[in-house]
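**Q** Here it is: the structure, laid out below.
Rule-based calculations on the coordinates, nothing more; no lab input. For clarity, every value in this text was computed on a predicted model and none was experimentally measured.
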Amino acid sequence: MTFTVRLLPENLEFTVEHGQTVLDAAIRQQIPFPYRCRVGACGMCLCKKLSGEVSYQLEPMLTEEEQSQGWIFSCQAYAQTHLVLTWDE
Ligand code: FES
C-alpha cells in the first residue's frame, strides 16, 4: 500500500510505502525534511497534520492536546491514509 504525502506550504509531494515512516520516505525521495535523531527524541521532525491518519509503533511523546492539534513525529509516524502536512503553525 502506497500513500501520497503533500507538504505545505511548499506543495511538495512524495510517496510513503507500507512499513516506512514518513521521514524515511521523505529522505529517500530527497525531500528537504528537517530531522536529527530519527528516534523520536529531538523534535526536529515535528510537523502538523492537516489531513489524514498516522499510526505509531510506540506512542510518541506528545500530549493529547498536541495530538489533537495535529502534531506528529514524522520519524515515528506510519501513514494510514494519504496525508497533508505542514510546518506552518
Ligand atoms: S528526528 Fe528527532 S524526533 Fe524525529
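**Q** Counting only helical runs of four or more DSSP H residues, what would the 222 nm mean residue ellipticity of the chain come to if each run contributes -39,500 (n - 2.57) and the total is spread over all its residues?
**A** Working: 2 runs with 13 residues, N = 89.
Taken over the chain, the calculation gives -3500 deg cm²/dmol.
**Q** Could you check what % of the DSSP bridge pairs in the chain are antiparallel, to the nearest 5?
**A** Numbers: 16 of 20 bridges.
Taking every DSSP beta bridge with both residues in the chain, the antiparallel ones total about 80 percent.
**Q** Over all distinct alpha-carbon pairs, what is the Kirkwood Rh of the stretch 2-86 in angstrom?
**A** About 12.5 Å, per the Kirkwood formula over Cα pairs.
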